[in-house]
Amino acid sequence: MTKRLLTAVASLLLLANVSYGQKLHYGLKADLQFTSLHGEGMKGNFSPGYDAGIFVEYNFTSKLGIQPEVLFSQFNNKKGDDFMKYYVNSGNSSAKSAVKLSYLSVPVLLAYNVNKLFTINVGPQFSMLLYDNEDLLVKDRAAFKNTDFGAVAGLTLHVSGVRFYGRYVLGLGNINDVDSRYSWHSQQIQVGLGVAIR
């Protein structure tokens, strides 16, 4: 887990070291995110969490670029009141309602620079589950898969070295690891800022 994180960080810094001029920027970012888990037995409401990590921006032209990131993401959600209706054989009837998931997320975004102020970002995001705090199933079984894959779309406002952004992330993968009968999908709404170090 730590080895993968260090490899991702080293890769981003290597990209920064081999590029020059106004084409490349990198820095730190953090945001408030509202996450939701949709599917049978999940509450489905948006709950606050957060993202924090590093980003690299590399512009191929004045209009097009790429923006990879490495983020630590905290999800806070709740199981539905009807959870045992769907998982009567494997569910823990005395499970707490809170579901907390911690991910290492790596979005790799295409950046379209509308002008000097605004950038549109779209692309895929891969997430690896680092830690889960839930007791939904009997025998200490984990209810969530170790990976998730999603699609990202957002808008960034550039003010000097600061980036203000809003994003939507749609989880495309089924993260339900209980059985194959039902699907759980994540959604994220993010509002945050990044500060360019270079």
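Could you please tell me which pairs satisfy a Cβ distance under 7 Å, a separation of 6+ or placement on different chains, a first residue in segment 118-132 that is in contact (Cβ under 8 Å) with a residue 60 or more places away in the chain, and a second residue that is among the aromatic types (F, W, Y)? Here the result reads M128/Y103; L130/Y103, each pair linking segment 118-132 to a residue that is among the aromatic types (F, W, Y). All conditions but one from (1) closer than 16 Å to Q74 by Cα; (2) part of a loop (DSSP other than H, G, I, E, B) apply to V178; the one that does not is (1).
Any chance segment 5-18 includes a residue that's modelled with pLDDT under 90 and in contact with a Phe, Trp or Tyr (Cβ under 6 Å, 6 or more places away or on another chain)? Explain how you work it out, then say what you get.
Residues of segment 5-18 modelled with pLDDT under 90: 5-18.
Those still in the list that are in contact with a Phe, Trp or Tyr (Cβ under 6 Å, 6 or more places away or on another chain) too: 16.
Within segment 5-18, one or more residues are modelled with pLDDT under 90 and in contact with a Phe, Trp or Tyr (Cβ under 6 Å, 6 or more places away or on another chain).
Evaluating K85 against the criteria (1) under 30 Å from G65 (Cα atoms); (2) in contact (Cβ under 8 Å) with a residue 24 or more places away in the chain; (3) out of contact with any His (no Cβ under 7 Å at 6 or more places or on another chain) leaves one unmet condition, (1).
Results for (1) of a type in the set (D, E); (2) modelled with pLDDT under 95; (3) more than 17 Å from Y165 (Cβ to Cβ); (4) exposed (fewer than 14 other Cβ atoms within 10 Å of the Cβ), shown as yes or no for each residue.
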| residue | (1), (2), (3), (4) |
| --- | --- |
| G21 | no, yes, yes, yes |
| A30 | no, no, no, no |
| E57 | yes, yes, no, no |
| F83 | no, yes, yes, no |
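Of note, Y50 does not satisfy the criterion of being modelled with pLDDT of 90 or more, touching a helix residue (DSSP H, G or I) at 6+ places or on another chain (Cβ under 9 Å), assigned to a strand (DSSP E or B) and under 30 Å from L110 (Cα atoms). Would you mind stating whether R198 is touching a Ser or Thr at 6+ places or on another chain (Cβ under 8 Å) and among the charged types (D, E, K, R)? Against the criterion (touching a Ser or Thr at 6+ places or on another chain (Cβ under 8 Å) and among the charged types (D, E, K, R)), R198 does not qualify.
So how many residues does segment 63-84 have that are of a type in the set (A, V, I, L, M), assigned to a strand (DSSP E or B) and more than 20 Å from the chain's Cα centre (by Cα)?
Our first condition is that a residue be of a type in the set (A, V, I, L, M); within segment 63-84, this holds for 64, 66, 70-71, 84.
Going one step further and asking which of them are assigned to a strand (DSSP E or B), we end up with 64, 66, 70-71.
Cutting the leftovers down to more than 20 Å from the chain's Cα centre (by Cα) gives us 64.
Of the residues in segment 63-84, 1 are of a type in the set (A, V, I, L, M), assigned to a strand (DSSP E or B) and more than 20 Å from the chain's Cα centre (by Cα).
Considering segment 143-173, the residues that are small (G, A, S) and surrounded by 14 or more Cβ atoms within 10 Å (Cβ to Cβ) include one that is farthest from I189 (Cα to Cα), namely A143. When restricted to residues that are crowded, with 17+ Cβ neighbours inside 10 Å and among the small types (G, A, S), segment 40-55 contains 4. Residue count for segment 176-187, restricted to those that are surrounded by 13 or more Cβ atoms within 10 Å (Cβ to Cβ) and free of Cβ contacts under 8 Å to residues at least 60 places away in the same chain: 1.
Taking every residue in segment 98-113 that is touching a residue at least 60 places away in the same chain (Cβ under 8 Å) and pairing it with any residue that is among the aliphatic types (A, V, I, L, M) and not in a strand (DSSP E or B), at least 6 positions away or on another chain, the pairs with Cβ-Cβ distances below 7 Å are L104/L5; V106/A8. Look at (1) among the small types (G, A, S); (2) surrounded by 15 or more Cβ atoms within 10 Å (Cβ to Cβ); (3) modelled with pLDDT under 90 and you find that S62 fails only one, number (2). Examine segment 130-139 for a residue that is at pLDDT 95 or above and surrounded by fewer than 19 Cβ atoms within 10 Å (Cβ to Cβ), and state whether such a residue exists. Yes, segment 130-139 has at least one match. Taken over segment 163-173, the criterion of being within 19 Å of Y103 (Cα to Cα) and in contact (Cβ under 8 Å) with a residue 40 or more places away in the chain is satisfied by R167, V169.
The values are calculated or read from the model by the stated rules, or taken from the named source; none is laboratory data. Bear in mind that the values here come from a model prediction, so they are computed numbers and not experimental data. Reconstructed Cβ throughout: ideal geometry from the backbone, glycine too, with neighbour counts over all protein chains shown.
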